[in-house]
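Each remark here refers to the structure printed beneath this line.
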Amino acid sequence: MPAAKRTKHVSGAEGTTGADAPSRYHSPLRERQAAATRRAIIDAALGLFGEQGWAATTLPMVAARAGTSVDTIYATFGTKSTLLMTVVDVAIVGDDEEAPMAQRPDFARFAEGRRHERLRTGVRYTMDVYARSVPILEALREAAASDPAAEERLARYGQDRRDLIAAGMTLILGEEPSEDVVDAIWALMSPEVYTYLIHGRRWPAPRVEDWFVDMAKAAIARADRP
């Protein structure tokens with residue numbers, strides 16, 4: 001997942017010591033404080049973008065909720081758009097770490113158990129992702145109408161989701177899935193379908209989970225037909 005990189009400062013000329021050393025130094029306390037401030041800003045933006053959308057959320061509002069200043073937000077993220085891009089990644093992945101989703105232990109559990117158990121693991125994982133990311137994706141769609149970075153990120157989201165589905169189905173099936181299977185599950189288990197069933201039709205989460213599992217089984221069975 002994209003995340004800010006911290007540059008390590010290295011001393012200048014070989015052999016300099018004491019008063020001759022550069023003034024910049026490694027400070028674990030400052031790094032912890034900076035990380036805590038960054039996280040507070042992200043958490044505040046997650047809540048506000050999710051509650052009020054892109055246009056209605058201002059950086060002073062984010063700063064007030066995070067307990068910091070607008071200048072600190074600019075120094076940390078640069079722009080409101082960059083802050084949204086970071087928040088989108090955190091909402092999808094669940095944290096601000098760099099490890100890709102497909103390389104994490106919870107994703108590896110897709111390969112555990114029998115096939116029907118693996119499918120249910122994948123469905124629950126997907127629903128957890130949607131539960132935390134759907135409000136932010138709505139803000140991203142709103143921003144994409146006027147912000148080029150948001151437009152590009154929204155377009156990339158669809159391909160990212162398809163790639164993750166392909167990786168997950170490889171673990172679930174024990175082999176590379178067909179394009180038809182990936183396409184079917186990409187369409188059937190979309191955030192739009194999830195939102196319609198959960199919020200539009202008021203289905204309880206267990207019912208949505210069972211329906212997604214059934215649809216995935218049907219897509220796999222259809223692809224297995226000669």
Revision key, fill the gap. The one condition Ser146 fails out of (1) of a type in the set (Ser, Thr, Tyr); (2) closer than 27 Å to Phe49 by Cβ; (3) in a helix (DSSP H, G or I) is (3)
Review point. So which residues in the stretch 90-123 are in contact with a helix residue (DSSP H, G or I) (Cβ under 9 Å, 6 or more places away or on another chain) and charged (D, E, K, R)?
Key: Asp96, Arg104, Asp106, Arg109, Glu112, Arg115, Arg118, Arg120
Point to revise | Candidate set from the stretch 117-146 (those that are of a type in the set (Ser, Thr, Tyr) and surrounded by 18 or more Cβ atoms within 10 Å (Cβ to Cβ)); member that is farthest from Gly94 (Cα to Cα) | key: Thr121
Study note, to complete from the structure: So, first residue under 17 Å from Glu117 (Cβ atoms) in the stretch 207-224, second residue surrounded by fewer than 13 Cβ atoms within 10 Å (Cβ to Cβ) and aromatic (Phe, Trp, Tyr), Cβ within less than 9 Å, six or more apart or across chains; the pairs are none
Exercise for review: Go through Glu152, Glu175 for me and flag whichever is among the charged types (D, E, K, R), out of contact with any strand residue (DSSP E or B) (no Cβ under 9 Å at 6 or more places or on another chain) and part of a helix (DSSP H, G or I).
Suggested key: Glu152
Point to revise | Filter result for the condition that a residue is modelled with pLDDT of 95 or more, among the hydrophobic types (A, V, I, L, M, F, W, C) and exposed (fewer than 14 other Cβ atoms within 10 Å of the Cβ), over Ala75, Ala149 | key: Ala75
Check your understanding: Out of the stretch 179-203, which residues are surrounded by fewer than 17 Cβ atoms within 10 Å (Cβ to Cβ) and among the hydroxyl-bearing types (Ser, Thr, Tyr)?
Key -> Ser190, Thr195, Tyr196
Revision key, fill the gap. Going through the stretch 77-94 in order, the residues found to be in contact (Cβ under 8 Å) with a residue 24 or more places away in the chain and either over 16 Å from Leu48 (Cβ atoms) or part of a loop (DSSP other than H, G, I, E, B) (or both) are Asp89, Ile92, Val93, Gly94
Review point. So which residues in the stretch 1-60 are modelled with pLDDT of 90 or more and outside any helix (DSSP H, G or I)?
Key: Thr57, Thr58
Revision key, fill the gap. Checked pairs for the stretch 98-117, first closer than 20 Å to Ile220 by Cβ, second exposed (fewer than 13 other Cβ atoms within 10 Å of the Cβ) and not acidic (Asp, Glu), C-beta under 8 Å and 6 or more apart or across chains, list as Ala111/Gly174
Practice item. Pick out the one residue from Gly47, Gly53 that is within 14 Å of Glu142 (Cβ to Cβ), more than 14 Å from the chain's Cα centre (by Cα) and in contact (Cβ under 8 Å) with a residue 12 or more places away in the chain. Key: Gly53
Review point. Does Ala149 count as of a type in the set (Gly, Ala, Ser) and within 19 Å of the chain's Cα centre (by Cα)?
Key: yes
Exercise for review: Quick one: which residue in Tyr130, Tyr196 is within 24 Å of Phe49 (Cβ to Cβ), assigned to a helix (DSSP H, G or I) and in contact (Cβ under 8 Å) with a residue 40 or more places away in the chain?
Suggested key: Tyr130
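The values are calculated or read from the model by the stated rules, or taken from the named source; none is laboratory data. Note that the structure is predicted; figures quoted are calculated from it, not measured. Positions of Cβ are backbone-derived with ideal geometry, glycine not excepted, and every protein chain shown enters the neighbour counts.
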